[in-house]
Amino acid sequence: MKVHRYQPGSIHLIRADAGDDLVGFITRYAADNGIKAAWFTYLGAVQFASLRYYDQISREYRDFTIDQRLEILSGVGNVSLLHGEPFVHTHAVLADADGHAFGGHVNTGSIVWALEIRLEEFSGDPPARLFDEPTGLSLWGDDGPEA
Ligand code: ZN
């Protein structure tokens, strides 16, 4: 178990523009505003979705795309440090015109149609992602600067 305790910081309400890359926009916003630790939620719509699924057995990501205009029913994510830089990790549930849902880890290449984000910044030493042998993923490591 890894525990990080933080004090709440600013809450940012952010709107992205049509055509923005969803992950790229949030990553750039965090970097431009010095945000190293945050949790966020969002809703809106995408013009194109690029998602991935992590296969726990093969320990590899399976990337897939959905070339449709989809509602973002619920998006959630966090900001922490990876190799010393703000890193965005986000998952979302998306729906088509019939209400059928898709979801996954949101990859770069998901293109915004409309996007409203509520991002809560935390103060204190940000969690740093380190390689985690049991999962094969970069997960939050111990407190303090990244090794
Ligand atoms: Zn993920």
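Each of 36, 2 was scored by other Cβ atoms within 10 Å of its Cβ. Listed from fewest to most, they are 2, 36. Remark on residue 69: its backbone amide H falls under 5 Å from none of the residues 5 or more positions apart or on other chains, H modelled at 1.01 Å from N. Close amide H contacts of residue 110 (hydrogens built in the peptide plane, cut-off under 5 Å, sequence separation of 5 or more or a different chain): 22, 23, 50. Computed from phi, the 3J(HN,Hα) profile of the range 64-74 under the Karplus parametrisation 6.51, -1.76, 1.60 (θ = phi - 60°) reads 8, 10, 10, 8, 9, 7, 10, 6, 8, 6, 7 Hz, with x in place of Gly and Pro.
Our coupling estimate for the range 30-43, obtained by passing each phi through the Karplus curve with A = 6.51, B = -1.76, C = 1.60 and θ = phi - 60°, is 4, 5, 5, 10, x, 8, 10, 9, 6, 10, 9, 10, 7, 8 Hz, Gly and Pro reported as x. Taking a ≥ b ≥ c as the square roots of the eigenvalues of the Cα gyration tensor, the chain is classed as oblate, since a/c reaches at least 1.5 and a/b does not exceed b/c.
From the alpha carbon centroid of the range 80-142 to that of the range 1-58 is 5 Å.
Applying the Karplus relation 6.51 cos²θ - 1.76 cosθ + 1.60 with θ = phi - 60° to the range 50-57 yields 3J(HN,Hα) values of 10, 10, 9, 10, 8, 7, 5, 7 Hz, where x marks Gly and Pro.
Readers should treat all values here as calculations from the given coordinates under stated rules, not as data from a laboratory. Remember, it's a predicted structure, so these values are computed and weren't measured experimentally. No Cβ is skipped: glycine too gets one built from the backbone with ideal geometry, and neighbour counts run over all protein chains shown.
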